[in-house]
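Engineer: Starting off with a structure, shown below.
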Amino acid sequence: MLIKYTVMHRDRDAKKLQHKDHHQSMIITKVIIVDLMARFKRYRYKIIVALLVIIILFYLYSQKEYGSELMSQQEFKQPMDRLSEQLLFQRQNKNLHSNNTTNDRFLQGAAGYCNFPNPASIKEGSHHLDTQGYKLQLALMMIRHGDRTPIHTLANRPNPRISCKFSKNEKQTHWIVDKFITRMQNADKDGSFESMQRYPNQPYCRQSYLTPQGAVQELLNGLQAKHKYIDGLDLFQQDFSERKVLVKSTVYPRTYQSANAFMFGFLSDYDTRLKIYKAKTDFCSEKDSGLSCHCPGLEKYSEPLKNMRKMSKPLLQTIANFKRKMSRILSVDVKEIRSLTHVFDSLMVRVCHDVPLPCNKARDSCVDRTIVDTLWGLVGDDLLHHYLYNENHLKTQHLKFHPLLVEMYARMKNITKRSSSTKFVLYSGHDITLTPFLMLLGIYDGKWPPYASTLALELYSKEEGSKLHYFLKVIYNGVDRTRELKFCRGLDMCKFKYFEQFINTHLENMGLDDYDSECLSS
């Protein structure tokens with residue numbers, strides 16, 4: 001009995017001790033929880049930021065680009081994505097489709113090349129003539145395609161993927177986008193353009209393809225032309241028909257889709273499906289110009305002259321320093337940084353689509369907007385030197401684009417003879433079309449034409465007594481450049497006969513023989 005009692009007593013004491021220990025553990029746990037809650041309350045913001053940083057770093061690591069570029073683009077960025085970009089890249093949120101911007105200086109520099117779509121621009125640059133008796137008879141419009149993905153890559157950096165689907169924001173901001181998509185979806189593929197799609201409609205845009213942003217640019221260009229030519233100047237005289245319009249495009253998806261977008265905006269009041277005609281990059285047409293497009297004589301001017309004006313030593317040194325700086329940022333040999341225009345092309349997709357600019361592996365050296373602006377200036381100097389200070393190149397462009405000039409002149413001449421019903425012609429081309437043509441007219445300023453640039457040659461008539469006189473105006477990107485044309489002799493309304501004289505003498509003024517003789521010689 002004594003042994004049994006002793007065991008029971010010992011077990012009871014053990015249970016009491018166990019209960020006491022459990023009670024003490026509960027008290028300690030409560031104290032710890034209270035302390036943790038107090039600490040969390042005190043440091044909650046730091047803890048949240050730490051967690052966000054961990055999530056952000058994991059997200060960037062998953063992009064496999066040294067944490068410096070967002071290589072996959074979504075139509076709608078999630079709040080966490082936007083927060084990560086603001087924290088790590090110090091980027092500014094801006095609506096690309098409005099006048100609002102947080103960096104006007106940058107938009108006037110390199111970002112001006114992006115030519116961000118702006119609905120307010122539709123009614124700008126109309127240049128309506130004040131009751132002076134002038135009547136618009138013909139408009140010839142040359143455009144550069146809209147925003148595209150890069151043609152070139154940046155050393156060892158792949159280009160970011162850009163969505164080729166119209167975003168919800170683009171549809172909401174621009175009323176015409178949904179109508180455009182519906183029309184293009186219901187249209188048959190054009191066999192003459194190798195069954196190219198009529199508009200951007202892929203998950204991601206392929207290399208050198210038009211983006212939805214580029215299509216919007218051309219839709220707005222078309223609407224602007226409609227506001228000026230149809231609504232304001234009554235180009236079709238209340239009597240539209242398809243035979244009054246002609247559309248030509250080079251055989252590239254970006255120019256073909258740009259032509260579709262422009263014409264949909266331009267003729268948005270009409271239910272019409274126009275045929276688009278294939279063209280070369282220089283728009284030479286033997287049928288429309290009466291000249292041969294085969295010009296072997298161009299070869300003798302393919303090499304620069306030995307006495308060609310050279311770049312200044314300070315400019316050459318600036319370019320060399322820039323290439324060395326880019327090579328350090330990209331961690332590549334400076335020899336891989338060859339063409340400034342190639343570097344600019346691959347960087348601008350990041351600027352135009354708000355993608356972070358590249359950094360080195362350590363992220364202690366990055367391309368910033370100042371570098372991009374510097375590059376923009378150097379590219380301008382390079383292009384200016386290439387197009388204006390190379391006599392052989394000047395001769396080449398005058399010869400190469402002579403047939404297009406003759407075609408444009410012939411179309412105007414037919415209007416003066418009242419032997420043509422064509423009222424509007426669109427030439428959908430490239431920077432390599434627009435730049436030399438601007439140079440040929442004498443109004444090239446050395447700047448790379450922005451995406452969706454426009455050049456219009458407008459023919460007006462005015463009655464003076466019993467005679468009808470004709471005049472020319474030249475509008476580049478909404479700015480009247482007529483007075484700057486040397487052959488216009490400082491006039492705002494250039495006499496058509498002055499343009500005719502220019503067509504007949506511009507080859508001779510370059511020290512060239514007539515077109516046929518130059519092309520057939522070797």
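Derivation of every value follows stated rules applied to the coordinates shown; laboratory data play no part. The model shown is predicted, which means the values in this text are computed figures rather than measured ones. Positions of Cβ are generated from backbone atoms using ideal geometry, with glycine treated the same way; all protein chains shown enter the neighbour counts.
Engineer: I'd like the FRET efficiency for Lys361 and Lys168, computed as 1/(1 + (r/R0)^6) with the beta carbon distance as r and R0 of 45 Å, rounded to 0.05.
Structural biologist: 0.80
Engineer: Summing +1 for each Lys or Arg and -1 for each Asp or Glu, what net charge is found among the other residues whose Cβ lies under 10 Å from the Cβ of Ala139?
Structural biologist: +2
Engineer: Residues in segment 407-436, backbone N under 20 Å from the label point at Lys278 (7 Å along the Cα-to-beta-carbon vector): list them, ranges by number please.
Structural biologist: 426-430, 433
Engineer: Which length gain, in nm to one decimal place, applies between Met37 and Thr153 when the Cα-Cα distance is subtracted from 0.36 nm times their residue separation?
Structural biologist: Length gained between Met37 and Thr153: 36.6 nm.
Engineer: For a protection proxy built on the mean count of beta-carbon atoms within 10 angstrom, sort 171-183, 449-461 highest first, please.
Structural biologist: 449-461, 171-183
Engineer: Related question: Distance between the C-alpha centers of segment 147-215 and segment 362-380? Whole Å please.
Structural biologist: With segment 147-215 and segment 362-380 each reduced to a Cα centre, they are spaced 27 Å.
Engineer: Stretched out fully, how many nm does the piece from Glu484 to Asp368 gain, at 0.36 nm a residue minus the Cα gap?
Structural biologist: Contour length minus the Cα-Cα distance gives 38.2 nm.
Engineer: Relative contact order, percent, of segment 136-255 when contacts are C-alpha pairs under 8 Å separated by at least 6 residues?
Structural biologist: This gives 40 percent for segment 136-255.
Engineer: Find how much the distance from Asn392 to Thr505 grows on full extension, using 0.36 nm per residue of separation minus their present alpha carbon separation; answer in nm with one decimal.
Structural biologist: Between Asn392 and Thr505, full extension yields 38.9 nm more.
Engineer: Sticking with the crude label model, points 7 Å out along Cα→Cβ, report the distance from Asp431 to Gln202 in nm, one decimal please.
Structural biologist: Output for this residue pair reads 2.1 nm.
Engineer: Which ³J(HN,Hα) values, rounded to whole Hz and listed in residue order, are derived for segment 110-115 from phi using the Karplus coefficients 6.51, -1.76 and 1.60 in 6.51 cos²θ - 1.76 cosθ + 1.60 with θ = phi - 60°, glycine and proline given as x?
Structural biologist: 4, 5, x, 5, 5, 6
Engineer: With θ set to phi - 60°, apply the Karplus curve 6.51 cos²θ - 1.76 cosθ + 1.60 along segment 402-417 and write out the HN-Hα couplings as whole Hz, x wherever there is a Gly or Pro.
Structural biologist: So the Karplus estimates, Gly and Pro as x, are 4, x, 5, 4, 5, 4, 4, 4, 4, 5, 5, 4, 5, 5, 5, 8 Hz.
Engineer: Could you work out the Kirkwood radius for segment 436-500, taking every pair of different alpha carbons, averaging 1/r and inverting it, reported in Å?
Structural biologist: Kirkwood radius, segment 436-500: 12.7 Å.
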